[in-house]
1. Please find, among Pro108, Pro112, the residue that is loosely packed, with under 15 Cβ neighbours inside 10 Å, touching a residue at least 24 places away in the same chain (Cβ under 8 Å) and assigned by TED's automatic domain parsing to the domain that holds Ala77.
2. Looking at Val56, Val75, which one is modelled with pLDDT of 95 or more and under 29 Å from Gly285 (Cα atoms)?
3. Go over the candidates Glu160, Glu198, Glu205 one by one and state the one that is over 24 Å from the mean Cα position of the chain (by Cα), farther than 30 Å from Glu89 by Cα and not in a helix (DSSP H, G or I).
4. When you look at Leu215, is it part of a loop (DSSP other than H, G, I, E, B), among the hydrophobic types (A, V, I, L, M, F, W, C) and within 20 Å of Gly296 (Cβ to Cβ), yes or no?
5. Quick one: is Pro157 loosely packed, with under 15 Cβ neighbours inside 10 Å, without any contact (Cβ under 8 Å) to a residue 12 or more places away in the chain and touching a Lys or Arg at 6+ places or on another chain (Cβ under 9 Å)?
6. Taking the conditions exactly as written (outside any loop (DSSP other than H, G, I, E, B) and not aromatic (Phe, Trp, Tyr)), does Thr150 satisfy them or not?
7. Does at least one position in segment 168-187 carry a residue that is of a type in the set (Gly, Ala, Ser), surrounded by 12 or more Cβ atoms within 10 Å (Cβ to Cβ) and under 26 Å from Asn311 (Cβ atoms)?
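The values are calculated or read from the model by the stated rules, or taken from the named source; none is laboratory data. It should be emphasised that the depicted structure is a prediction, and the values quoted were computed from it without experimental measurement. All Cβ positions, even for glycine, are placed from backbone atoms using ideal geometry, and neighbour counts span all protein chains on display.
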Amino acid sequence: MIALGRELAARGHDVTLQTWTRWQEHVAAAGMRFAPAPEYHVFPTRERPLTPYEAVERATRETVGLVADVAPDAVVADILTLAPALAAELEGVAIATLIPHVDPRLAPGCAPYSSGARAPRTRVGRMLWHGADPLLAAGLRRGRRELNETRARLGLPAVERVHGGISEALCLVGTFPQLEYPRAPRAGTHVVGPLLWEPPSGDVELPPGDEPLVLVAPSTSQDGSHRLLRAALAGLADLPVRVLATWNRRAPQPPIEVPANARVVEWVSYARTMPECDVVVCHGGHGTVARALASGCAVVAVPAGGDMNENAARLEWAGAGVRLPRRLCSPRGLALAVGRALGRPAVHERALELQAWAASNDGAVRAANLLQGFAHDRSGVFARDRD
């Protein structure tokens, strides 16, 4: 969202970004107005248990006033953040959706999203996965019912389609098209490429030498015991590689023994460092995977949770990396996976293809172009266009 808003602000548009206060400084630095988003816990809150759709209703009522005050030509809501979209609908404002990862709406006959299973390659495989379609359809109908119950409490009409929180008018999918499984085109949906942004950070000193450079970049929200970091340092210690690793401001306890071919730092700028690397070892979060591929790095993904299984499956399917199941996250497992990523020229070549695509297709620029046309079609002009 910061990448998209920064691009729009640079074009002279008046952009307000509603998010948590931890990002306020960065929002302002990118040329946008900051608006605090409701911050409270789900499952449960400190006051009382709060279901996800109760949280959506509460946040919508808190956000309507902001939408009314800003009076925007369009609202762009994250796929997981329904409140701004519902508030915009209450105020009669055009709504777009940003999916900041691969599109979770899969074609029939595909494995359930985030299961970690790749798209079937044969007719038999598709038939087998078709058996799960009724179960998935039941889950989607339940989601539609819960959404419509929330909409009714807000005074909005029911929607008939599933995935009712995704705009049919404009949906921006912020990933590589090479990571998207083939499916019938959806009107209004555009795969624009990854929207890349990171907090400002300085350079770090790289390990000396000429051997291939491996960056170990664990998730900032998963793996509190640093299992991946420990396994990677131990497994790569005897390989002819240099290792740069980060603990992402969560100091490991007990301290980790650092081998001679490695350097471990508190924090590292992916934008500055990944272009110097040959392989990135990570948990498979979309932001890390996208930045690595945009930098021309092969990726070794060790999924830890959330959508990481899906990202790792897409990465392997696209031929740009190696997936290592979490149960094999060991020194030997990491050594074999990195060795495979380095030893297969096709993996490196594929990563370079994606790097070239990203260099010619800036996701934020493409998304901003689409959003400008979207708002123009619905209001005639951007009312706050200062160009």
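1. Details: Pro112 fails: loosely packed, with under 15 Cβ neighbours inside 10 Å.
Result of the check over Pro108, Pro112: Pro108.
2. Only one candidate qualifies: Val75.
3. Unique residue meeting the criteria: Glu205.
4. Details: part of a loop (DSSP other than H, G, I, E, B): no; among the hydrophobic types (A, V, I, L, M, F, W, C): yes; within 20 Å of Gly296 (Cβ to Cβ): yes.
No: the conditions fail for Leu215.
5. So Pro157 fits the description; yes.
6. Numbers: outside any loop (DSSP other than H, G, I, E, B): yes; not aromatic (Phe, Trp, Tyr): yes.
Answer is yes for this residue.
7. yes
Residue-wise test of (1) touching a residue at least 60 places away in the same chain (Cβ under 8 Å); (2) at negative phi; (3) in contact with a helix residue (DSSP H, G or I) (Cβ under 6 Å, 6 or more places away or on another chain).
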residue	(1), (2), (3)
Leu8	yes, yes, yes
Trp20	no, yes, no
Val27	no, yes, no
Glu39	no, yes, no
Thr63	no, yes, yes
Val70	no, yes, no
Ile79	yes, yes, no
Leu90	yes, yes, yes
